[in-house]
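Everything on this sheet refers to the single structure shown next.
The values are calculated or read from the model by the stated rules, or taken from the named source; none is laboratory data. Keep in mind it's a predicted model, so treat the numbers as computed, not measured. Positions of Cβ are backbone-derived with ideal geometry, glycine not excepted, and every protein chain shown enters the neighbour counts. All accessible areas refer to the heavy atoms of the entire protein, side chains included, with ligands and DNA or RNA removed. Shrake-Rupley method; radii C 1.70, N 1.55, O 1.52, S 1.80 Å.
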Protein chains: 2
Amino acid sequence: MVLDHSPRLDLVFHALAHPARRAIIRQLTGGERNLSELASPLKMTFPAASKHVRVLEGAKLVRRRIAGREHLCRLEAAPLKDATLWTEQFRQFWETRFSALDELLEEMKQQAEAPPRKP
Amino acid sequence: MVLDHSPRLDLVFHALAHPARRAIIRQLTGGERNLSELASPLKMTFPAASKHVRVLEGAKLVRRRIAGREHLCRLEAAPLKDATLWTEQFRQFWETRFSALDELLEEMKQQAEAPPRKP
DNA sequence: GTGATCTAGAACCATGTGGTTTACTATACC
DNA sequence: GGTATAGTAAACCACATGGTTCTAGATCAC
């Protein structure tokens, strides 16, 4: 089972919760980029963009190597896998089981049986 | 393409970034629950738990219906699908392409060609 | 009606977040 | 050596977040 109490998952989901950080991740799918390259398409100052990269590093979504005066970043996708595994646990809830027909049937069943809500 | 600039996705990922809220989601896989049921397993006061439910509602992950004095919550999994779709875009980056061997080959190729980083 | 239960809401507090500006360090280039 | 470039660090700000306590309003059970 994938635990809900996982500080790592906290960091990953939080990192993904900002459009600038998602944009950085997408940019890194093109390969290594330095901070200036990552910052330039974002509508904010350089230090602000730099902070976003740090958040991504904290979530292990980005790894940085220093080459001269440049800091080159690369995508580290493993945490994205963890995030996907967590959300995919609930796949059944957005698929057939909760189609309109099944939902109706379930409601009819509940009315007929009136079972306790707790498992 | 799944956009990075999506306020809906901001809300969903932010909602998932707290262990209490993930626990609530998991609890709701067992069916409808009222607020007291959702709050009791959480190590916090009732108003705090209630706020977490509101965050989940804001992200459309939970829908509430009022029955007498109880507020019954149910899971609304569609936003989880959106989140999964976003993260799954990068599946290739945690799979074969970045296996140890491929990574080595890529590094050798880079050393041989020294291509520009930008596409 | 009385009392217990379920929930909302407001006030408050500490801390975190996301952004800015300014100043500084270190490397590269000529 | 002097200057431009890449990046950090610190100070500051407005606002959000996550928690508490206390008060109050419905509704249910007896």
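Number of residues in the stretch A:49-66 that are near DNA strand D (Cβ under 9 Å from one of its atoms), in contact (Cβ under 8 Å) with a residue 24 or more places away in the chain and within 22 Å of residue A:10 (Cβ to Cβ): the value is 1. Residues satisfying the criterion are absent from the stretch B:28-35 (criterion: open to solvent by 40 Å² or more (accessible area, probe 1.4 Å) and either near DNA strand C (Cβ under 8 Å from one of its atoms) or more than 13 Å from chain A (Cβ to nearest Cβ) (or both)). Tell me yes or no: at least one residue of the stretch A:3-24 is over 24 Å from residue B:59 (Cβ atoms) and among the aliphatic types (A, V, I, L, M). There is no residue in the stretch A:3-24 that is over 24 Å from residue B:59 (Cβ atoms) and among the aliphatic types (A, V, I, L, M). On inspection, residue A:10 passes the criterion of being near DNA strand D (Cβ under 10 Å from one of its atoms), facing chain B (nearest Cβ under 9 Å) and within 29 Å of residue B:21 (Cβ to Cβ). With respect to being without any contact (Cβ under 8 Å) to a residue 24 or more places away in the chain and either more than 8 Å from DNA strand D (Cβ to nearest atom) or in a loop (DSSP other than H, G, I, E, B) (or both), residue A:4 fits the description.
Only one of the numbered conditions (1) within 13 Å of DNA strand D (Cβ to nearest atom); (2) of a type outside the set (Asp, Glu); (3) in contact (Cβ under 8 Å) with a residue 12 or more places away in the chain is violated by residue B:39, and that is (3). Each residue in the stretch A:14-36 was checked for being assigned to a helix (DSSP H, G or I) and under 15 Å from residue A:77 (Cβ atoms), and 9 of them qualify.
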